[in-house]
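Remarks on the structure that follows.
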Amino acid sequence: MASRLFFEALRDAIVEEMDRDPNVFVLGEDVGHYGGSYKVTKDLHRKYGELRMLDTPIAEASFSGLAVGAAMCGLRPILEGMNMGFLLLAFSQIANNGGMLRYTSGGQFTVPMVVRGPGGVGRQLGAEHSQRLEAYFYAVPGLKIVAPSTPKEAKGLLKAAIRDNNTVLFFEHVLLYNLREDIPEDDDFIIPLGKANVLREGEDITIVSYSRMVHHCLQAVDSLVAEGYEPEVIDLRTLKPLDLETIGKSLKKTHRLLIVEEDYKTGGLGGEIIALIDEHYFDELDAPAVRLASKDIPTPYNGRMEAVTIPQPEDIIREAKKLMEA
Amino acid sequence: MIQEKIKLATTSLTQDEALAVYRDMILGRVFEDRCAQMYYQGKMFGFVHLYSGQEAVSSGVISQLGPLDYVSSTYRDHVHALSKGVPARAVMAELFGKATGCSRGRGGSMHLFSAEHRLLGGYAFVAEGIPVATGSAFKSKYLKEVLNDPHRTEVTACFFGDGASNNGAFFESMNMAALWKLPILFVCENNLWSIGMAHSRASSVHDIYKKALAFDIPGVQVDGMDVVAVHKVAKEAIERARAGEGPTLIEALTYRFRGHSLADPDELRDKEEKERWRKQDPIPKFQHFLYEQGMATELELKSIDREIEVAIDDAVQFALDSPEPPVDEIYRFIHAEDE
Ligand SMILES: Cc1ncc(C[n+]2csc(CCOP(=O)(O)OP(=O)(O)O)c2C)c(N)n1
Ligand SMILES: [Mg+2]
């Protein structure tokens, strides 16, 4: 086991996969000399050179398209969004090509590309730097979407994403980069995409979350357990394709569902999950499923307003209790 | 079209203008120094990008605009806002996240707005403001030619960095502005770096002003540490815009004296480079100019400096004393119907 910070775990994954496959390369703004805005690729340009650690101009749409083209022709780009929000500028190339090109080419081309970087609500970064794009991209056919919650998860999932032959969006949370965890020292430590993780077993309620909100859930669960409740907690890990089976299995025990997400309530993942549960597990529910999400507002700069925008542990405790008492 | 490097400028500044420009530059410098202090004291948060070193560009251009002219900026926007007349109190209060801030505490450092001062915004995404500024210039042309407004043509000054000049929005906007002869100044503040990326590593052509050639509009390179030179170049571009002759690309060679943001360790720019540019500090340079021209004495400038210090003290106090926006107003301003 090696004790690693979140950003170091990501670096380890990148290094191991670049050593394993010479077609893997990294591109993005300041990934080379600067080492990435959150130091994920620090010093790697010394080891891999400028073409495998490619510093791009600030041209998101076009360098994303470039990555698509390189991927279609045999390379395996890892594209860093300096902040994932900036990839709004690259939406077309990621959605039209990363997502749909395999299909539109009748299966002739694949786009094995990872698009990774920081996102989520940080500390008073303002609306444009606090985006949760997972929901924006969710509807695009062909994309896979991952959002890890801990360093170990980040490493295992990123390695799987790099080896995957599809375009995978990999959302890291700005406030998780300095989290520390022990990680197995094994070059083939992989966490497969599409499998959720049951973090805690319990019978009273199923709490489903991902990324940073998993930590808010765990904090809330500590209080709930102290009060005698037994919640089950599921970390989705991969948002798309969704591991509905693991959620369904849990509901067969708990019959109550609370989803906690940092994206907007409107058009967010929670709504999608609830619709799927309605379709597949309606009979299991003893109470209407509940989603706790961010308020439908551009993230305000003011600190108190920002805090109220996203779900907090006390909100989770309140909603979970309401559900369990329903 | 002329693509030129402006070397030595004979001044077009009157004494009154010169003193106003000086005051504006000091305002920008002192404001930013105070921001750094306040940031380290935990009074402001997030990413805060300071402008110190680049004052000659903001002051040299914006001092020549009127209240009906427009300015658009980037995340490095505090000083452009001040130059355009947004009160230091309102800018400081915004950085403190207060209800009295120019964006009512919702925007923060990277999203300064003032409709009253025709500040179209600080834009947090690189190059995001360039198309928007092209839009205000379009409106000004429309006002003249469709709505037959009798007043002089409004002008837009659009500020952005060297890094932004590699973004498609820059080229696409220049094309439209040239195509429709829009009254706009594209002011590229080339401070040689975009975060840790040296300009020479990011652009195949190092002289940004030459990119105007592709759109058949005037492109001018100017010493951005010399406010007299910036003033002269901007004056011509503004006249051209008002006369309906279309856009100008101005490349101002400048340098930021601090890291990219207050969170940036600034490890990549070498010491020598920083020292070399420090010696070009636009403020002492302009002071010398004012003495030489007999436009001001040291005593007079010192008294301006003191006035600005007092104004910034006042702005900080105002920001500290101001209320936070009420949390129950969190949904206010989402839609046009919200007052
Ligand atoms: C679309 C977009 N991409 C990337 C960023 C991250 N970023 C912020 S500032 C910056 C560098 C910009 O450099 P330049 O345009 O030269 O302006 P300067 O900061 O030097 O004033 C980058 C890459 C961003 N804010 N927006
Ligand atoms: Mg720059």
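Which residues' amide hydrogens lie under 5 Å from the amide hydrogen of residue A:25, considering only partners 5 or more residues apart or on another chain, with H built in the peptide plane?
Correct list: A:76, A:78.
Could you tell me how many cubic angstrom of Cα convex hull volume the protein assembly as shown has per residue?
173 Å³
Within the range A:90-130, whose backbone N sits under 19 Å from a point 7 Å along Cα→Cβ of residue A:73?
A:93-94, A:97-98, A:101-102, A:105, A:108-114
Could you work out the helix-only [θ] at 222 nm for the protein assembly as shown, with each DSSP H run of four or more residues adding -39,500 (n - 2.57) and the total divided by the number of residues, to the nearest 500 deg cm²/dmol?
-11500 deg cm²/dmol
If we count every other residue with Cβ under 9 angstrom of residue A:31's Cβ, Lys/Arg +1 and Asp/Glu -1, where does the sum land?
My count for the surroundings of residue A:31 gives -4.
Looking at the range A:2-183, what % of its DSSP beta bridges pair antiparallel, to the nearest 5?
15 percent
So which lysines pass the test for residue A:322, namely a Cα distance under 21 Å, with those fewer than 8 places away in the same chain ruled out?
Counting by Cα, and skipping residues close in sequence, residue A:322 has these lysines nearby: A:252, A:253, A:265, A:295.
From Cα pairs below 8 angstrom and at least 6 apart in sequence, can you work out the relative contact order of chain B, rounded to a whole percent?
After rounding, I find 24 percent.
Under 1.5 on a/c is rounded, so check that first for the range B:3-320, then, if it is not, pick prolate when a/b is larger than b/c and oblate when it is not; a ≥ b ≥ c are the square roots of the alpha carbon gyration tensor eigenvalues.
It is rounded, given that a/c, with a ≥ b ≥ c, falls under 1.5.
Can you give me the C-alpha center-to-center distance between the range B:158-216 and the range B:250-273, rounded to a whole angstrom?
If you average the Cα positions of each part, the centres end up 19 Å apart.
Can you give the net charge of the other residues whose Cβ lies under 10 Å from the Cβ of residue B:167, counting K and R as +1 and D and E as -1?
-3
Using a Förster distance of 41 angstrom, determine the FRET efficiency expected from the C-beta separation of residue A:50 and residue A:304, and round it to 0.05.
0.35
Show the residues, 5+ positions off or on another chain, whose built amide H is closer than 5 Å to the amide H of residue A:169.
Those qualifying (amide H under 5 Å, at least 5 residues apart or on another chain) are A:115, A:144, A:145, A:146.
Given a Förster distance of 30 Å, report the FRET efficiency between residue B:278 and residue B:216 from their Cβ-Cβ distance, rounded to the nearest 0.05.
Once the sixth-power term is evaluated, E becomes 0.20.
Mind checking which lysines have their Cα closer than 22 Å to the Cα of residue B:235? Skip sequence neighbours fewer than 8 apart in that chain.
Hits, sequence-local ones excluded: B:5, B:7, B:84, B:139, B:141, B:144, B:181, B:210, B:211, B:285.
If you average the sequence gap of Cα pairs under 8 Å that are 6 or more apart and divide by the length of the range A:2-183, what percent do you get for the contact order?
Relative contact order of the range A:2-183: 27 percent.
Quick check: from the Cα gyration tensor, does chain A come out rounded (a/c under 1.5), prolate or oblate?
Here chain A falls in the prolate category.
Where Lys and Arg each count +1 and Asp and Glu each count -1, what net charge lies around residue B:88 among other residues with Cβ under 13 Å from its Cβ?
-3
Taking 7 Å along the Cα-to-C-beta vector as the label spot, tell me the residue A:104-residue A:275 distance in nanometres, rounded to one decimal.
Computed distance between label sites residue A:104 and residue A:275 equals 2.3 nm.
With label points built 7 Å along Cα→Cβ from the Cα atoms of residue A:252 and residue B:33, find their separation and express it in nm.
7.1 nm
Through the Karplus equation 6.51 cos²θ - 1.76 cosθ + 1.60, θ set to phi - 60°, convert the phi angles of the range B:318-328 into ³J(HN,Hα) values in whole Hz; use x for Gly and Pro.
Once θ is set to phi - 60°, the couplings for the range B:318-328 become 4, 5, 5, 6, 6, x, 6, x, x, 4, 6 Hz.
For peptide B:196-204, how many partner chain Cβ atoms fall within 10 Å of a residue's Cβ, on average?
Going residue by residue through B:196-204 and averaging, the value is 4.
Just so you know, all these numbers are worked out from the coordinates, no wet-lab data involved. For clarity, every value in this text was computed on a predicted model and none was experimentally measured. FYI the Cβ positions are ideal-geometry reconstructions off the backbone, even for glycines, and counts take in every protein chain you see.
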